[in-house]
Amino acid sequence: MEGKNELKFAYTLAVVLLLIGVVAYAALPLKAPDQPIRIVFKNTAGNVLFDHKEHLDYGFKCEDCHHDIEAEGEKPSACGECHMQEGEDGPKRSDAFHNQCQGCHDELGLGPVDCSGCHVL
């Protein structure tokens, strides 16, 4: 008889702890990071996973890639706002990315420069 009570107590305790965990998870969500960690650029050649944190670890500043930032702490515009598709004014988004990313990788001798090095997803 004592074993049944212990089992009942264990199940009750498990349910109570589960409920506490669910409530705590819902009530105390994680704070979103101030800067993006990773972003996926979707395209027909294969999606590109860009890791902001990795590039910041190399010592780059946001302004090194985001040329539209004028003041410290300012958020950049979405690339597609200015860099349109074929036939629009200014460089296409894909050309801007290729020039920026491959140019930096070539210049510093770091990172992939071939298509399959970035277009992996």
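The values are calculated or read from the model by the stated rules, or taken from the named source; none is laboratory data. Keep in mind that what you see is a predicted model, and the values were worked out from it rather than measured. In this analysis, Cβ positions are derived from the backbone assuming ideal geometry, glycine residues included, and neighbour counts consider all displayed protein chains. When the accessible area is computed, the model is the full protein with side chains, heavy atoms only, and any ligands, DNA or RNA have been set aside. Shrake-Rupley method; radii C 1.70, N 1.55, O 1.52, S 1.80 Å.
Numbers at a glance
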item	result
Residues of the stretch 9-41 that turn out to be in a loop (DSSP other than H, G, I, E, B), more than 21 Å from Glu54 (Cβ to Cβ) and open to solvent by less than 80 Å² (accessible area, probe 1.4 Å), as a count	0
Pair list, Cβ under 8 Å, 6 or more apart: the stretch 46-69 residue polar (S, T, N, Q), other residue outside any helix (DSSP H, G or I) and exposed (fewer than 14 other Cβ atoms within 10 Å of the Cβ)	Asn47/Val40; Asn47/Val120; Asn47/Leu121
Filter result (hydrophobic (A, V, I, L, M, F, W, C), assigned to a loop (DSSP other than H, G, I, E, B) and either touching a Ser or Thr at 6+ places or on another chain (Cβ under 8 Å) or under 12 Å from Val48 (Cβ atoms) (or both)) within the stretch 103-121	Val120, Leu121
Sole exception among (1) part of a helix (DSSP H, G or I); (2) more than 30 Å from Glu74 (Cβ to Cβ) for His55, by number	(2)
Residues located in the stretch 79-94, provided they are modelled with pLDDT under 75, surrounded by 10 or more Cβ atoms within 10 Å (Cβ to Cβ) and of a type in the set (Asp, Glu)	Glu88
Residue in the stretch 96-103 that is touching a His at 6+ places or on another chain (Cβ under 7 Å), exposed (fewer than 12 other Cβ atoms within 10 Å of the Cβ) and not basic (Lys, Arg) present	no
Qualifying residue in the stretch 52-59 (condition: of a type outside the set (A, V, I, L, M), over 20 Å from the mean Cα position of the chain (by Cα) and surrounded by 12 or more Cβ atoms within 10 Å (Cβ to Cβ))	no
Any hit, the stretch 36-52, residues being within 30 Å of Cys115 (Cβ to Cβ) and of a type in the set (Phe, Trp, Tyr)	yes
Odd one out for Met1 among (1) modelled with pLDDT under 80; (2) under 16 Å from the mean Cα position of the chain (by Cα)	(2)
